[in-house]
1. Gaussian network model of the chain, Cα springs within a sub-10 Å range: biggest mean-square fluctuation belongs to which of Ser142, Ser46, Ser188?
2. Build a GNM of the chain with springs between Cα atoms under 10 Å: which of Ala273, Ala128, Ala18 gets the top mean-square fluctuation?
3. Give me the percent relative contact order of the stretch 188-329, please, defined on Cα pairs under 8 angstrom at least 6 residues apart.
4. Past 23 Å, Cα to Cα, is the threshold; run Lys26/Lys88; Lys243/Lys285; Lys110/Lys285 against it and keep the listed order.
5. Tell me, what ³J(HN,Hα) does each residue in the stretch 96-112 have, in order and in whole Hz, if you take phi through Karplus 6.51 cos²θ - 1.76 cosθ + 1.60 with θ = phi - 60° and put x for Gly and Pro?
6. Please report the accessible area of Cys203 (heavy atoms, 1.4 Å probe, ligands and nucleic acids excluded) in Å², nearest 10.
7. Using helices alone, what [θ] at 222 nm do you get for the chain, with -39,500 (n - 2.57) per DSSP H run of 4 or more residues, divided over all residues and rounded to the nearest 500?
8. Test of understanding: given the chain, find the longest segment containing no trypsin sites (Lys or Arg not before Pro) that are in a DSSP loop and have at most 14 other Cβ atoms within 10 Å.
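The values are calculated or read from the model by the stated rules, or taken from the named source; none is laboratory data. Quantities reported herein were computed from a predicted structural model and do not represent experimental measurements. Neighbour counts are summed over all protein chains in view; Cβ atoms, including those assigned to glycine, are modelled from backbone coordinates with ideal geometry. Surface areas here come from the heavy atoms of the whole protein model, side chains and all, with no ligands, DNA or RNA. Shrake-Rupley method; radii C 1.70, N 1.55, O 1.52, S 1.80 Å.
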Amino acid sequence: MKRILTVIGARPQFVKAATISRLIAKNDALAETLVHTGQHFDDNMSKVFFDELQIPAPDYNLEISGGTHAHMTGAMLGALEDVMMETKPDAVVVYGDTNSTLAGALAAVKLEIPIAHIEAGLRSFNMAMPEEINRILTDRISSLLFCPTQKAVEHLQSEGTQARIEHVGDVMYDATLFAQRTSARLSSILERLELEADTFGLCTLHRAENTNDPARFRQLCTFLEEQAARTPLVFPVHPRTRKLINEQDIQLANIQMIDPVGYLDMHRLIDGATTVFTDSGGLQKEAYFHRTPCVTLRDETEWVETIDAGWNRLWTSPASDVARVNINDYGNGDAGSRIVQSLQSFLAS
Ligand code: UD1
């Protein structure tokens, strides 16, 4: 039996890990130790995802959150090393590009434990983003690089990595298929908000690049209000954005601000929305999975295939009537099983 230690901490990682943890639990050759760094801690940013996606309770919760990036990452690094020295895993699995990802990877590489990075190879080519730094460094020290897209494979190849690169598809698509089976039945969000499908847009906004600069944040709010004048918007507000809105006493006409929502509610909202406006990476793809057009509230995106396929555009680009086509990159819902098989064979060799 080989032991995998999984590090998660932020909302999108709970979604990605749900698929893999479920498959590891069914695999006789693998056992998992689940570590939650504590980066996201509110019930509606963390617990609801564990409940709805049936993720087992973490074996360790390090309860590290907030502070500067260096303090947060540094505290995680030490605490994760302690857990890894105690549990002696055969491999460490990390997801995406958050501070929890980088801390998990750094702690593992210093102990010479092989790292598998899920959602490897994405690049925005914007080094001002903390996520770009986290993902480049994590890719550089990982042994197994699981890519959601062909573009991600090309980025890694062009960087000359020696690690094993595999294009497996997107585990978020696997998770979406899981949610689609139940969200219409189990989510009552449209009824609770007294909304009818196709009469509202959905927006989210939380990235540091958008919330740290008050002038840019105001510009984005103006853009959203212009959109909302045509079709009202629902806005589940991330805690950091809520703080900013309260501090600056920002009022947004025709925009209904609500607390962050769980996974199933989010899928029902995406499915019912006419358009999704977001700076989240995951939501850009989830919009496509529901075939809801997306406007990305950033100046670039890692998910370029959503733009090429006509489902997404940057808020700075004009709307175009390019024909919308399907995207093959994300696979057919078997990214998780491909990853677990590959992990198993890597650890057996
Ligand atoms: C992090 C990731 C980002 C990802 C996002 C998903 C990094 C560098 N960024 O950003 O890539 O898109 O998660 O949501 O890791 N807070 C709460 N309650 C919570 C969570 C956060 O109050 O449950 C507060 C924190 O105390 C902090 C702020 O929100 O003041 C930002 O949280 P933080 O974990 O630093 O990063 P995110 O913006 O969530």
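1. Checking each option, the largest mean-square fluctuation is seen for Ser188.
2. Largest GNM mean-square fluctuation: Ala128.
3. On the way: 214 pairs, mean separation 33.0, N = 142.
It rounds to 23 percent for the stretch 188-329.
4. Working: Lys26/Lys88 21 Å; Lys243/Lys285 27 Å; Lys110/Lys285 34 Å.
As for pairs spanning more than 23 Å Cα to Cα, those are Lys243/Lys285; Lys110/Lys285.
5. Those phi angles translate into x, 8, 8, 4, 5, 4, 5, 4, x, 5, 5, 4, 5, 5, 5, 9, 6 Hz.
6. It works out to around 0 Å².
7. Numbers: 16 runs with 159 residues, N = 349.
After summing the helix terms and dividing by residue count, I get -13500 deg cm²/dmol.
8. Working: sites that count: Lys26, Arg181, Arg291, Arg324.
Within the chain, the longest run free of exposed trypsin sites (Lys or Arg not before Pro) spans 27-180.
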